[in-house]
1. Could you grab the pairs with beta carbons closer than 9 Å, sequence gap of 6+ or different chains, first residue in the stretch A:345-368 and in contact (Cβ under 8 Å) with a residue 40 or more places away in the chain, second one surrounded by fewer than 22 Cβ atoms within 10 Å (Cβ to Cβ) and acidic (D, E)?
2. Identify the residue in the stretch A:531-545 that is touching a strand residue (DSSP E or B) at 6+ places or on another chain (Cβ under 6 Å) and within 11 Å of A:L500 (Cβ to Cβ) and, among all such residues, is surrounded by the most Cβ atoms within 10 Å (Cβ to Cβ).
3. Would you check which residues across the stretch A:171-203 are surrounded by fewer than 23 Cβ atoms within 10 Å (Cβ to Cβ) and assigned to a helix (DSSP H, G or I) and list them?
4. Name the pairs whose Cβ atoms lie under 7 Å apart, with the first residue in the stretch B:87-106 and more than 9 Å from chain A (Cβ to nearest Cβ), the second crowded, with 20+ Cβ neighbours inside 10 Å and of a type in the set (V, I, T), and 6 or more positions between them or separate chains?
5. Name the one entry in A:L57, A:L12 that is modelled with pLDDT of 95 or more and part of a loop (DSSP other than H, G, I, E, B).
6. Check B:I143, B:I126 and return the single one that is touching a Lys or Arg at 6+ places or on another chain (Cβ under 6 Å) and either in the same structural domain as B:Y202 (by TED's automatic domain parsing) or over 22 Å from A:G369 (Cα atoms) (or both).
7. Do you know which of the residues in the stretch A:343-354 that are surrounded by fewer than 22 Cβ atoms within 10 Å (Cβ to Cβ) and in contact with a helix residue (DSSP H, G or I) (Cβ under 7 Å, 6 or more places away or on another chain) is nearest to the other protein chains (Cβ to nearest Cβ)?
Amino acid sequence: MTQAISDSVSYLDEPKGIKSWLFTLDHKRIGILYMWSIMVFFFIGGMMALIVRTELLAPEQILVSADAYNQLFTLHGAIMIFLFIIPGIPAILGNYVLPLMIGAKDVAFPRLNLASWYVYIIGSLFAIYSLFSGAVDTGWTFYTPYSTQTSTSVTAMTLGAFILGFSSIFTGINFIVTIHKLRAPGMTWFKMPLFVWASYATAVIQVLATPVLGITLLLLIFERVFGIGIFDPALGGDPVLYQHFFWFYSHPAVYIMILPGMGIISEVITVFSRKKIFGYTAIAYSSLGIALVSFLVWGHHMFTSGQSELAAMIFSFLTFLVGIPSGIKMFNWVATMYKGSISFESPMLYTLSFLFLFAIGGFTGIMLGALSLDVHLHDTYFVVAHFHYVMMGGTVMAFLAGVHYWWPKIWGRMYNEKLARISAALLFIGFNMTFFTQFILGTKGMPRRYYSYLDQYQPLHAFSSYGSFIIGIAFFIMGYYLIHAIFKGQRVGKNPWGALTLEWTTTSPPPPHNFEQTPVVTDGPYDYDRIMIVGDERVYKDGPEEGKEIAKEVDSESKK
Amino acid sequence: MNTNDIFLPAAKSTIASEVDALFSFVFIASILFFVLVIGGALYFIIRYRRRKGDGYTPDYSHNTKLEVVWTVIPTILVFVIFFWSFKTYLKMQVAPKDAIQIKATGQKWFWQFDYPEGASSTGELIVPRGKPVQVLLSSRDVIHSFYVPNFRVKMDALPNRYTMAWFEATETGEYDLFCAEYCGTGHSKMLAKVRVVEPEEYQRWLQSNNSLPEDMAMDQYGAQLYKTKACVTCHTNDGAPGTGPSFLGLFGRTENLQDGSTVTVDENYLRESILNPQAKVVHGFQPVMPTYTGILKDKEIDALVMYIKSLKKE
């Protein structure tokens, strides 16, 4: 049986040729297509961030003009949000591992899956076209009436984001149906890995919220092209209406970004603690709870927009409500490590970074949810720091934990662990230098989206910029060793981390149809209290004596 | 150690100290929870690091008591923060009745301030110390935001309606005033100062500054427009009924509308009634007024609103 699996071809080798990749229906290959294209935009968005931070070293002009600066921070935001972080985890890692995790051969609609990638590419082409035809200078939020009046290429960019929405909806529909219909025999809902739960909650938001963004952006485009008066007061519209529409999508979108990240953390922390997850049902249901309440908090972006006091009060209240399940998840993750057997390979280092940074992101979110504090902090660097702690400290750290965790599965080869640890440490230091400083800038009153600033803010701005350069270095090291691993990395077996979820029961890299035989699920995904992995095989605590002997041998070997 | 001195700019308004008290509370509570969670994580990391090889771990994955505790305590805490912040927020929203009214108009990329006594200034807002000041905000183009960090006050200025902010400065001095809503090329240069002076000096400044192009106070300008723009044809200013409601004592009154609902006459209602007269017609009057959209400039509407506000019933 073991022999049969290791002899099979990997999805990477068969079939061959560029065409076989561009027309592939294999979820794993589509995940990789997504990975390369999303990484291109992550690189572009990251370079823009570095130019922005370099410009902010001093109040006067260093690299770019005010207009170019305004375009750069807008594009950094728009690219990172719409082209990197929203599709990031679901389309790359979700596509790749979700079917494997539930023991399926593929997603429910492989053609729709491939279509979603092409739609992503078409949307991104519009964004690129916008870049070269005047760019956008509105901020990634495209607030009206500025966005209806500016002469920059807003129409192309918003059309791009509109199209990208469909890609997101396709992926969401695919995941919902896949999870409902394609689970392997024996995999009940409560035997699903928590990453699958998180992806499910995410997919629900993707399908329900994205159309609202589509409508909003379409109205904005109509306003610019045909001059209908929905948002621009000069045409009889209401600019605050735009903000309501926009955040009705874009706040739930924050949870599209963070929920799958939380799913990854649940996976990695159990594997590297060799511990059953604490509060499985609490984590699973809190994902759904967050998804539902997330639709009702959008007004907390608008406490100073002139919306009614009653609305502000209700939104503030609901915002605090949605914070609690996230807090409970934090407690659960920490409690999972209790009495575990914790090791510190790079996926776990990113997970610990996540816990540290996401906690800070959460506490500062409480501050921003408090009405009287938000009046002072709104639209300052405090907000910039907060959402970078949540989006980068949270989602990106979780994404990197996932990338490092599943990289050996995807390529069948391991990266250089030493370099991985160095880059994790640099990233952690650089990130805190860059963004903790921005909390202080914000509380001291520094407004965001400022090309220039008063002299009193200069030292903090400079420090923040130095931190961003360290982040840049960390990512270059990471890019090097990850790509190096694809070609030259050491080959790994089925299960290098000793994990219990199904994707680790097949070869690395897996065969085209994932499993030689449809797996039958009898164990829970985190039963580390009674199962351990020895030489890719499961050894049960209450199993045959032979298993215990093997366990002892491994035990004494690792002591040497 | 006072954390607020490290993080917040000096508190120079009556509301600022109240905001800062909550900031301290949330800050300290956050530190405590952070130490608890991350400290706990660090302790587990060290205590339960993998010392020997792999092995089975205990099945410890549920503890009802613990889970109730860590749900209930944070819930209570966030409710405390919610009510506390809402209380202060309401104070921020409701200006004292005797507040001085100043009109602030944002446009790319400067602030213009019009004072009730006819003075105006650009780039510098002059206010008396120890007196509540209500700022009536609007914009001539895109959205701007009026932000004075020392006063902990911020409010967006919109192109199609008025918004309000108020503060009472506690110390004389000069304070930064930022535009906090992104508005284009000159956004970061849309800076102004708030100059807080003693009340006597404020009065002196008002007397010496009469820079309205028409060389008159806003409400006087409004009085002139009242005649030249033909409001007088239908609206009296002495309380006598005309084709439309009299302006005397109109501001602040609650009016019954034709559809049975009521409306309190405020700046936004006046503006709406000038630009879109048929939207909310007072009971007992015919919907015959023409729209003044395109006829009156924003500044003229401001002046008319000021004028109507000045017509108080004795």
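The values are calculated or read from the model by the stated rules, or taken from the named source; none is laboratory data. Here the structure is a predicted model, which is why all the values come from computation and not from measurement. Cβ: placed from backbone, ideal geometry, glycine included. Neighbour counts: every protein chain shown.
1. A:E345/A:E417; A:S346/A:E417
2. A:M532
3. The answer is A:I173, A:I176, A:V177, A:H180, A:K181, A:W189, A:F190, A:K191.
4. As it stands, the answer is B:A99/B:V133; B:I100/B:V133; B:I102/B:V133; B:I102/B:V135; B:A104/B:V135, since those pairs meet every condition given.
5. Values: A:L12 fails: modelled with pLDDT of 95 or more.
The conditions single out A:L57.
6. Working: B:I143 fails: touching a Lys or Arg at 6+ places or on another chain (Cβ under 6 Å).
Answer to the selection: B:I126.
7. Step one: list which residues in the stretch A:343-354 are surrounded by fewer than 22 Cβ atoms within 10 Å (Cβ to Cβ), which gives A:343-345.
Filter again for in contact with a helix residue (DSSP H, G or I) (Cβ under 7 Å, 6 or more places away or on another chain), leaving A:343, A:345.
Details: A:S343: 5, A:E345: 11 Å.
Residue satisfying both the conditions and the ranking: A:S343.
Every residue, every condition in (1) polar (S, T, N, Q); (2) over 30 Å from B:G173 (Cα atoms); (3) at the interface with chain A (Cβ under 7 Å from one of its Cβ atoms), yes or no:
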| site | (1), (2), (3) |
| --- | --- |
| B:S13 | yes, no, no |
| B:F25 | no, no, no |
| B:L36 | no, yes, no |
| B:A41 | no, yes, yes |
| B:G53 | no, yes, yes |
